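Have a look at the structure below, then the notes.
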Amino acid sequence: MVDPLYDRFLGAFTDAVRALTVGDPTDDGVSFGPLSSEEAARAVIAQVSDVVEQGATAVTGGTRLAREGAFVEPTVLTGVAPGMRAYREEIFGPVAVVYRVPDTATAIRLANDTPYGLGSVVFGRDIPAAKAVADALDVGMVSINGPSGTQEDLPFGGVKLSGVGRELGAYGMAEFVNRKVIRVRG
């Protein structure tokens, strides 16, 4: 988060995360269901515990919920630094890492400093500026002002360790086409 906006954003974001409802995902008003398995829940908690032990802060969450199932409390982490697991590893659970950065250029460098590159989300009122940020991100997909998602007519896929090629849409269909090159010389 760009420095002048950081404190206000972190407060509002943390309040929104605390307001999320965890439970049966088929129930109305539930924001998060359980993780896919007990092993997945343990892995998320281990990642969060590891970075907190190294000096990061769990502003909210970071624990297993005391209920049956692989439920992890929605978590917001700050103070995650290079060398910590959550800086380089994907966390497959309800965990957000918020970084304080001085400007947009630093935010872009931070976002690109990862071996992964599936997707990103950019929020901003200045759409041309948001598009410039989206273009600078080294990822396969970017959503502006809304959650990422899939659509059958849009290509889905990442770059770096997050994949090669695309699924869905015309690019995805091309993955199933046998192409032939015929060269005639002279």
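Nothing in this text is a laboratory measurement; each read-out follows from the coordinates by a stated rule. Not measured: the values here are computed from a predicted model. No Cβ is skipped: glycine too gets one built from the backbone with ideal geometry, and neighbour counts run over all protein chains shown.
Worth a mention:
- Scanning the stretch 1-34 for residues that are of a type in the set (Val, Ile, Thr), under 16 Å from Tyr99 (Cβ atoms) and not in a helix (DSSP H, G or I) yields a total of 1.
- Of all residues in the stretch 35-64, those being within 20 Å of Thr78 (Cβ to Cβ) and part of a strand (DSSP E or B) number 4.
- Those residues of the stretch 21-40 which are farther than 30 Å from Arg109 by Cα, surrounded by 15 or more Cβ atoms within 10 Å (Cβ to Cβ) and either of a type outside the set (A, V, I, L, M) or under 17 Å from the mean Cα position of the chain (by Cα) (or both), in sequence order: Gly23, Phe32, Gly33, Pro34, Leu35
- The residue that is surrounded by the fewest Cβ atoms within 10 Å (Cβ to Cβ), among those in the stretch 134-186 that are touching a Lys or Arg at 6+ places or on another chain (Cβ under 9 Å) and among the charged types (D, E, K, R), is Glu175.
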